[in-house]
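To start, the structure itself, in structure tokens.
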Amino acid sequence: MPPKRSSTLTEAELRIMRILWARGESLVSDLVAAMPDDTPLAYTSVLTTVRILEQKGYVEHRQEGRAFLYRPCVAEHEASRSEVNHMLHRFFGNSRERLLLTLLGDGNMTPDELQRLKNAIAEAQASDGMEDA
């Protein structure tokens, strides 16, 4: 039996998705040209990766003449949310509290980040009607 295909993005897939999110519809040759100099990929590697992304439902294509133009069909924020939910389930037993406590406990949050987090918590409480009287 073949291994279960992952719906999360590999590093190479994420690099290509970032280019597609920034550029929009692109030929494979455009994606190859837009690859960062420190992480170049050959045309065949990009083509294979784009086809995998299409199988995973992240991109779709249309044909123009003999060329295939690929475009993202999942927004970046949707992909981010999906990846976070995957990590939340896999490492934190679906506990948002455990995830946040892990982030807070690493000692790397700046005072500005902590303040934005406090503000986000206050906004979430207010929108859920959980604010203390």
Matching residues in the stretch 62-95 - criterion: being open to solvent by 70 Å² or more (accessible area, probe 1.4 Å) and either of a type in the set (V, I, T) or more than 17 Å from the chain's Cα centre (by Cα) (or both): R62, Q63, E64, R66, F68, F91, N94
Considering only residues that are among the aliphatic types (A, V, I, L, M) and more than 26 Å from V50 (Cβ to Cβ), which ones fall in the stretch 74-101? L88, L99, L100, L101
Does the stretch 28-57 hold any residues that are touching a Leu at 6+ places or on another chain (Cβ under 6 Å) and within 18 Å of C73 (Cα to Cα), and which are they? V28, V46
Per the list (1) open to solvent by 70 Å² or more (accessible area, probe 1.4 Å); (2) part of a helix (DSSP H, G or I), residue check on N108 breaks on (2)
Please enumerate the residues belonging to the stretch 76-101 that are out of contact with any Ser or Thr (no Cβ under 8 Å at 6 or more places or on another chain) and in contact (Cβ under 8 Å) with a residue 24 or more places away in the chain. E76, A79
If you go through the stretch 9-16 one residue at a time, do you hit one that is of a type in the set (K, R), outside any helix (DSSP H, G or I) and more than 30 Å from K118 (Cβ to Cβ)? no
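The values are calculated or read from the model by the stated rules, or taken from the named source; none is laboratory data. Keep in mind it's a predicted model, so treat the numbers as computed, not measured. Don't worry about glycine lacking a Cβ; one is built from the backbone with ideal geometry, like all the others, and counts go over all protein chains shown. SASA here: full protein model, heavy atoms, side chains in, ligands and nucleic acids out. Shrake-Rupley method; radii C 1.70, N 1.55, O 1.52, S 1.80 Å.
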